[in-house]
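Derivation of every value follows stated rules applied to the coordinates shown; laboratory data play no part. This one's a predicted model, so the numbers in the text were calculated from it and none came from an experiment. Here Cβ is always computed from backbone atoms with ideal geometry, including for glycine, and neighbour counts include all displayed protein chains.
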Amino acid sequence: MAGLTEDPNPVLDIDGLLINQEHNNTQEDKSAVLGKDREENSSKNQNQAERDMASIHRSGSRPQLDLSKAAIEGNFEEKDPTILLPNQSDDISHLALDIGGSLIKLVYFSRHEGQSINDKRKKTLKERLGISNGTRRSYPILGGRLHFVKFETTKINECLDFIRSKQLHRGGMDSRHWNAEAPANENAVIKATGGGAFKFADLFKERLGVSLDKEDEMDCLVAGANFLLKAIRHEAFTHMEGRKEFVQIDHNDLFPYLLVNIGSGVSMIKVDGDGKFQRVSGTNVGGGTYWGLGRLLTKCKSFDELLELSQRGDNSTIDMLVGDIYGGMDYSKIGLSASTIASSFGKAISDNKELEDYSPEDISLSLLRMISYNIGQIAYLNALRFGLKRIFFGGFFIRGHAYTMDTISFAVHFWSKGDAQAMFLRHEGFLGALGAFMSYEKHGLDDLMVHQLVERFPMGAPYTGGKIHGPPLGDLNEKISWMEKFVLKGTEITAPVPMAPPPGTTGLGGFEVPSSKGGTLRSDASALNVGVLHLVPTLEVFPQLADPKMYEPNTIDLADHNELEYWFTVLSGHLPDLVDKAVASEGGTDDAKRRGDAFARAFSAHLSRLIEDPAAYGKLGLANLLELREECLREFQFHDAYRSIKQRENEASLAVLADLLAELDSMSEETRLLSLIEGVLAANIFDWGSRACVDLYHKGTIIEIYRMSRDKMQRPWRVDDFDLFKERMLGSGDKKPQPHKRALLFVDNSGADIVLGMLPLARELLRRGTEVVLVANSLPALNDVTAMEVPDIVAEAAKHCDILRRAAEAGSLLVDAMINPSDSSKENSSSVPLMVVENGCGSPCIDLRQVSSELAAAAKDADLIILEGMGRALHTNFNARFKCDVLKLAMVKNQRFVFSFLA
Amino acid sequence: MDAGFHGKLDADQSESQISHLALDIGGTLIKLVYFSRNKDRPIDENKNSKNSVIDGRLHFAKFETSKINDCLEFILSNKLHLGGFRHHEDPASDKILIKATGGGAYRFADLIKEKLGVGIEKEEEMECLVAGANFLLKAVHQEAYTYMDGQKEFVHIDHNDLYPYLLVNIGSGVSMIKVDSDGQFERISGTSVGGGTFWGLGRLLTKCKSFDELLELSHQGNNRVIDMLVGDIYGGLDYSKIGLSSTTIASSFGKAISDNRELEEYNPEDIARSLLRMISNNIGQIAYLNALRFGLKRIFFGGFFIRSHAFTMDTISVAVNFWSKGEAKAMFLNHEGFLGALGAFMSYKKCGRDDSISPQLGQRYPVCTPLVGDKICYPLNGDLSDNDSLECSVYVA
């Protein structure tokens, strides 16, 4: 409360003016979109169907279709004939395997059937916006999920059980020949790579009745790497001194690069393009050497144990350092410091100590540094030789192991004198499996674009980490039990141990002694989490972004540890209240309580994981964190925790709307414009995402709070471009400006925010002849209004206002809301339309690189964008630049933001 | 360690005939180079007036650094330390200085002062290496040779076409030096995986008592027992697509991971072999990549790791041959262990004083045979058997 009344800090910001009047002409697509033409030519209809199927529903996207023998059923007069696809299975999924010596990696695709909201509103919208379903791809991209799973090779039976339980082997063949009813037959084939593809072929045949189709390892590696580097925005990262930094790579400037795969041995592959590569070098000193020598020298039982040991080692007891030779002095003439390793294991020669006298920790570290440095050096020399700018390191030796990455990076940095950087891949363990997946004739990933992929981290992510996958979790109940089982483990996750000071320079044989006295190195929790890739073919880049390549949605970068800790505290503090609401929204049953507990644990675990390693899930911005919370709620089947609150507030606000509109109508144009903007800001106070506001709710009724806040709006605001806006709207002097053609209003919260803030503003724009598109969330997030809910709100508001009613009718919004459907046709022409589109998100923020195709279509003709609320206008997109006019409106309810970004 | 340490040199070598001792005190070995005048060949007065020439022998000896006391004993008993020079800036002082290089020149300076009563004049290590190599390559016939499939083949090198070359000195660690001319060179690379690694890891893995024992073992070993070969991965097949034969090592020590065998169950011979191949191969590869990078035609490998050990040279040669696809050849030096000591020896000329012999070594008489010479120093433990001497002349300024 205090923070609110003292410093409301409303923000109004107008970015630039119309930059680009060129809009892609989509005329050709427009006419052919809906498949209602009575074309007799069946092949054309097939194409039509294929295109229809491939697009537009965010989560209910369709799998790859088998169109053989497709036929239109029934009457051609019918508006939407059913298309029968007799050869199309419902459950197509692909599975591909990489069976290595120590791990089996699985990549599989599952079609995800979401609820499609294919109502009439959408159809009309499609017509009006001319949304193109057309796709020029040879095979449509499947909507669904790409899963990444690992098993230890020694536990291959668990892996087989997993495959069987998910029936993954049944979809692994070319769907064209697949008949869902038939039992697995001789023809069933799964793509596989890795040495085990040979070794275990018989076992797969026997246990699952499938044959393994062996794919060349190198082909798979390269295909996997190319896919990841092109399709995933934050796939590659550098790792120096314990710190990960994601590198965004321009897809057009990816090739050539050097791919260094560190398995038992090391292969160095020069990649020139898709399917174009050459193994240019390698070394026999690789992961097998580390593990083999390490086993002989330390009696470790596993590779991971050996790595673990190295964390606590001190290699100066075994390695001969420059200082050992030069009596503690640097060999400065050639730039070698005293702590540079002159000779790996060189001290073991002169001592009278036997193997038993050395600590296994020290041995492991010496070995790790020797091998990592060596690989880094040879890789750099090869990159230099072929003029390759980028070196990516992958393979099981790395395993997300922080110190290994550091040593390799250090070697590359050292030998290149800082010119080259080692890079690593988040999905490094899955390159081969992914490549095998890509080797299916129709894998559907060919033309996948970055913006069509969304990575989600399911509930288990904090625990499984980069490690072995747990048991297959079938249903929600299993998930909850599993969470409960991990409660103890969850509490073990603690704040990170700070990294020791960075090592300095290096030399002769090469390298600075690591600052590796026991305990100072961070425990290796840095194994990266690999999420589930959601393939959403309908997502597009928001077309009005001025520079999509440079666009970064997040204003707050959580790589900054202070920010991260602050938000960690905020979100943790919110958690109990959120759980209460969520449980209440599901009727407060025992089941709901149990799910609520599990959600709280799972989300806390995510938070702990991220505070420990902010880069664990890729580049972390505030938007990602807030979205993670919503995803986590959905995972425990809380689909709309604020449902009843939203309803209540909508009703309360709608009840006072008529009075507000009357008040506004009595004002002069100029006063009204200011009041409208003030109203938006005032109404934006109602926000369940803000602690201060939650407290406020207990103090008064909606309209009281609204009036009070609006009265307090004293210009100038913290960021205040109102005068610019006024001039654009009303002109100056005698010049009356052209109204905007179409405005996109990104709405925020339910209740007062939309009803008393945004709707009156929309109404003003409509009155001035501007088409208005209300852009709302596809899925619920906090108390944000969703695209599903907006038509009802508009319909209700329309009862009190002619302008809104006619515009809503023109936009066919009232058809769904069942208000005078018969009148709609005759009044259509009298008003510009008011429309609603979903934005493709389920988050309080918005990443404009990934929006729904209907929003993208609507945006093409827009010349005014209004972003409202902290989530969409400040926490994200505060720095975004657009091709057209934009208003960013938000009430800042967070002192911290004011100091950090508005100071 | 051996009681049989001899006290004196041959009787005909009196102290007056010994001149100019230089040391290279490395992390593992101490190398000595000193000159002895041929008694039967007095100073050749027939030479041009400026220089007189002394014929004699250049001797080479080695000790383990850990047994430095034996080495000092040897020097003392043979009065080699008197073959230093007097500091020209302080003629009054009777302080004798001995040229030395290597890290130990710093580390053991005090000890040497105490035991021998002489000071150490430190010479820069890399400079000594290069000076030694340049001298050998230019002055000694049949110094450089290739070694492939057990065949040693001397390479004649045109003095005028010697530079630039890559000198790879494999000591405890490895330095790679690009030599552009006399006195002009740059350390461009190196690796910490060197002779010390071979011996250090070898000692831990095999309980060998000495470097040479370990080398000896490697001779009898079979690396296939421990190394993972391409054929092991591809079921005995070549991975022909990328040109790897089934016998190519895919992963050194890679087989040690999957077996349930413990260290004791592996033959020390096999371990030594795998280790040697791993390290030689690696050095050969990195050396080749560096030569390629700077467009150097010749790569000379030196340093105590090689020790004219056939198999070591073979593996390095194979590595260079493999990675260069036959375009480059590894070359070795007959006196590979003594580059530093020789360079330090050469540096006496820099502080020429009339009262001391400031030699310029030149090959007045061709060396009779590469490795002839009186065995003047009996190795302490029988391992360091390759001490030799080189017949040569010294121009006295």
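Applying a threshold of 23 Å to the alpha-carbon distances of A:K726/A:K888; B:K178/B:K329; A:K347/B:K115 flags A:K347/B:K115 as lying beyond it. Between A:E305 and A:S644, what FRET efficiency comes out of the Förster formula 1/(1 + (r/R0)^6) with R0 = 41 Å and r the beta carbon distance, rounded to 0.05? Efficiency computed from Cβ-Cβ geometry: 0.20. Which of the pairs B:K113/B:K207; A:K155/A:K214; A:K214/A:K276; A:K150/A:K199; A:K417/B:K99; B:K122/B:K207 have their Cα atoms more than 24 Å apart in this structure? The answer is B:K113/B:K207; A:K417/B:K99; B:K122/B:K207. Panel order for A:E152, B:E125, by other beta carbons found within 10 Å of each beta carbon, from fewest to most: A:E152, B:E125.
Taking the average, over residues, of other Cβ atoms within 10 Å as the packing measure, peptides A:855-862, B:29-36 rank B:29-36, A:855-862 from highest down. Holding the Cα-Cα limit at 20 Å, pick out from B:K138/B:K297; A:K549/A:K883; A:K166/A:K619; A:K191/B:K255 the pairs that are longer than that. Over 20 Å Cα-Cα: A:K166/A:K619; A:K191/B:K255. Counted by Cβ distance under 15 Å from A:L254, the other residues give a net charge of +2, where Lys and Arg count +1 and Asp and Glu count -1.
Peptides A:680-687, A:314-321, ordered by how many other C-beta atoms sit within 10 Å of their residues on average, highest first, read A:680-687, A:314-321. Neighbouring Cβ atoms from other chains, within 10 Å of the Cβ of residues in B:115-127, number 1 on average. Net charge in the neighbourhood of B:A144 (other residues with Cβ under 14 Å of its Cβ; Lys, Arg +1, Asp, Glu -1) is 0. Within the shell defined by Cβ-Cβ distances under 11 Å, the residues around B:A328 carry a net charge of +3, with Lys and Arg each +1 and Asp and Glu each -1. Residues of segment B:147-175 with the amide nitrogen closer than 16 Å to a label point 7 Å from the Cα of B:K297, along Cα-to-Cβ, please. Zone members listed by number: B:155-167. Each of the peptides A:604-616, A:268-280, B:144-156 was scored by the mean count of other Cβ atoms within 10 Å over its residues; in descending order, highest first, they stand as A:604-616, A:268-280, B:144-156. Residue order for A:F345, B:F60, A:F393, fewest other beta carbons within 10 angstrom first, comes to B:F60, A:F393, A:F345. Checking every one of the trypsin sites (Lys or Arg not before Pro) in segment A:340-444 against DSSP loop status and a limit of 10 other Cβ atoms within 10 Å picks out A:K417.
What does the C-alpha gyration tensor say about the overall shape of segment A:516-660? Classify as rounded when a/c is under 1.5, otherwise prolate if a/b is larger than b/c, or oblate. It comes out oblate by the Cα gyration axes.
The simple Förster model, with R0 at 51 Å and r as the Cβ-Cβ distance, assigns A:K417 and B:N69 a FRET efficiency of 0.75.
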